[in-house]
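Remarks on the structure that follows.
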Amino acid sequence: MTEDFGWVSDVARGEWLLPMKAEPWNSILSVVPRGFEAYARVFHPTERDRPRATGTWLGVDTSTLFSEVHDLDAAIETEQATWAMVAAAFGTTMHAEAQHALLIAKDRSSDSAIAPDGWRYNDASQGSIDAASLAAASAVLARHTSTPGAGVAAVWEGWGGLTSSSGSAVSYVLLESDDDMPEWFGDDAGVIQQGSLRQRIVAAARRLVGRRSGSEFFPGHPFRQPKPGTGVLSREISAGPRFEILEGTGRSYVLFEAGATDFADPQWPARAPWVVHEWDVQSPSIIWPDDHSWVLATEIDFDSTLIAGSQKLVDELTHTPGIEAMQIGPDADLTSEGDRINRPA
């Protein structure tokens, strides 16, 4: 198949998930439904970086190291890192209920931390699993359903730029000079400050959690409030019905036709009507096949993805290259206080 994922106006196709309403807020079973044989947690990969010139951030004076640098991408080595790599770097313990902020042993006011190995580790992305991990997981999911090519993908309506252009801060803000750069962009250990205006915008945008409100991220800068239908989705879809699971929480979703085999293709973002930027691919919030044999869900405030299905499915997921996954109990605590192993004494 090569056509775009079609819009689903019949939100009744999600009604089988509504029993999750009765579950405690922020429990695993409020994200994926109870009644499945096993559950897995897929950890969103993070990034680590270090200056190529020194091989470490430790003892580096960024004000001089990058003073003559014009190409930050060439000056900084960046690579993907697993949570297990983070734990090894900081001497913490990786386990199924781990919290990234505790693994990385960082000040919660910062979005990165430098480990004894000299690498700087950034936060894992919240609310979205990267396209490569989703493709690897979907290849497994397709083998554990009788309807691998038929299913539903639910996308949270709140992502900026989706139903209207509101919130797509990077695309819709015009900063005419460096003097217009908001102070909160910061210097990112001296690197963002040394880059061009464009480089600083992109670097800061990568650290935003979601794309919710342009006026929220750029206080004091004028914004027009765009009308529904001015975003990436058509006016018909933007004004159409929504699937809602937990009333009063803002968790309302736009539904699209998509099966596991669709997402097993690494090029799936090119077919996804909700993808705004190639460098910022938003994954669906929930995916399920028509036979309801499993559910994949990425809660918008979580930095990991949950999958409910058979024991065979979970066993295969936890042994699949390209995915960092562990089996987890349905009663596990994934709140900020849930990581009892790495919690400070």
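The values are calculated or read from the model by the stated rules, or taken from the named source; none is laboratory data. Please read these numbers as outputs of a predicted model, since none were measured by experiment. Counting neighbours? That spans all protein chains shown, and the Cβs are built from the backbone with ideal geometry, glycine included.
Before moving on, here are some points about what is shown:
- Inclusion of F5 among residues that are closer than 26 Å to G250 by Cα, among the hydrophobic types (A, V, I, L, M, F, W, C) and touching a Ser or Thr at 6+ places or on another chain (Cβ under 6 Å) is not warranted.
- In the condition set (1) assigned by TED's automatic domain parsing to the domain that holds G240; (2) in a helix (DSSP H, G or I); (3) at pLDDT below 95, S63 is compliant with all but (1).
- Note on the stretch 17-55: residues that are under 15 Å from R251 (Cβ atoms) and assigned by TED's automatic domain parsing to the domain that holds E97 amount to 0.
- T2 at negative phi, among the β-branched types (V, I, T), in the same structural domain as A88 (by TED's automatic domain parsing) and at pLDDT below 95: no
- Members of the stretch 17-39 found to be over 18 Å from I307 (Cβ atoms) and either of a type in the set (G, A, S) or assigned to a loop (DSSP other than H, G, I, E, B) (or both), listed by number: A22, P24, W25
- Only one of V86, V42, V69 that is touching a His at 6+ places or on another chain (Cβ under 8 Å) and either surrounded by 12 or more Cβ atoms within 10 Å (Cβ to Cβ) or assigned to a loop (DSSP other than H, G, I, E, B) (or both): V86
- Filter pass, A113 being surrounded by 14 or more Cβ atoms within 10 Å (Cβ to Cβ), outside the structural domain of H319 (by TED's automatic domain parsing) and over 30 Å from S310 (Cα atoms): yes
- Of residues in the stretch 9-20 being of a type outside the set (G, A, S) and within 23 Å of the chain's Cα centre (by Cα), the one farthest from S238 (Cα to Cα): M20
- For W159: the one exception among (1) in the same structural domain as V11 (by TED's automatic domain parsing); (2) surrounded by fewer than 18 Cβ atoms within 10 Å (Cβ to Cβ): (2)
Yes/no matrix, rows are residues, columns are (1) at negative phi; (2) surrounded by 17 or more Cβ atoms within 10 Å (Cβ to Cβ); (3) at pLDDT 75 or above:
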{"residue": "V191", "(1), (2), (3)": "yes, yes, no"}
{"residue": "F217", "(1), (2), (3)": "yes, yes, no"}
{"residue": "S234", "(1), (2), (3)": "yes, no, yes"}
{"residue": "S238", "(1), (2), (3)": "yes, yes, yes"}
{"residue": "Q282", "(1), (2), (3)": "yes, yes, yes"}
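Residues are listed down the side, and each one gets a yes or a no for (1) closer than 21 Å to L334 by Cα; (2) touching a residue at least 12 places away in the same chain (Cβ under 8 Å); (3) in contact with a strand residue (DSSP E or B) (Cβ under 6 Å, 6 or more places away or on another chain):
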{"residue": "I245", "(1), (2), (3)": "yes, yes, no"}
{"residue": "S252", "(1), (2), (3)": "no, yes, yes"}
{"residue": "L255", "(1), (2), (3)": "no, yes, yes"}
{"residue": "A258", "(1), (2), (3)": "no, yes, yes"}
{"residue": "A272", "(1), (2), (3)": "no, yes, no"}
{"residue": "V281", "(1), (2), (3)": "no, yes, no"}
{"residue": "D291", "(1), (2), (3)": "no, yes, no"}
{"residue": "V295", "(1), (2), (3)": "yes, yes, yes"}
{"residue": "T298", "(1), (2), (3)": "yes, yes, yes"}
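- Qualifying residue in the stretch 265-285 (condition: within 16 Å of the chain's Cα centre (by Cα), aliphatic (A, V, I, L, M) and not in a loop (DSSP other than H, G, I, E, B)): no
- Condition check for G14: in a helix (DSSP H, G or I), modelled with pLDDT of 90 or more and in the same structural domain as P273 (by TED's automatic domain parsing): yes
- Count - residues of the stretch 304-345 that are within 18 Å of the chain's Cα centre (by Cα), part of a loop (DSSP other than H, G, I, E, B) and closer than 25 Å to D291 by Cα: 1
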